[in-house]
């Protein structure tokens, strides 16, 4: 393989690696938002007192909220995907959310590892590209 062909191959691979890095970054952002949302739900559920109704804001669309009074929940409905929901107790819901958060945090660690690997490969490719370009300038 000639130096020019190797250079083109490295540049193509570099672009693919950079796109992969953007994709992993985007996925990590989605998971990070899911963690924030799950933590907010967890805190809201834990915030319900055991006896008195709680004042809540119910979104009705268009950035409009309705003030409402909610009794302490005995049961909560959890969306488990594909339009299916299950009813769980407050304690079961808290456990469910805590487990979800732990799993999402593990996914974030995987994404961080993937990003580190991609960054190393990107840096390696850039160094190889710079080396070939410098070599071509000297000749």
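Of note:
- Of all residues in region 1-27, those that are without any contact (Cβ under 8 Å) to a residue 24 or more places away in the chain have Cβ atoms under 9 Å from Cβ atoms of residues that are outside any helix (DSSP H, G or I) and surrounded by fewer than 16 Cβ atoms within 10 Å (Cβ to Cβ), 6 or more apart or on another chain, in 9/1.
- Considering residues of region 73-94 that are out of contact with any strand residue (DSSP E or B) (no Cβ under 7 Å at 6 or more places or on another chain) and surrounded by 11 or more Cβ atoms within 10 Å (Cβ to Cβ) only, the residue farthest from residue 38 (Cα to Cα): 73
Computed from the coordinates by the stated procedures, all read-outs in this text should not be read as laboratory data. Everything quoted here is computed from the prediction, not taken from an experiment. With ideal geometry, Cβ positions are generated from the backbone for all residues, glycine too; neighbour counts draw on all protein chains shown.
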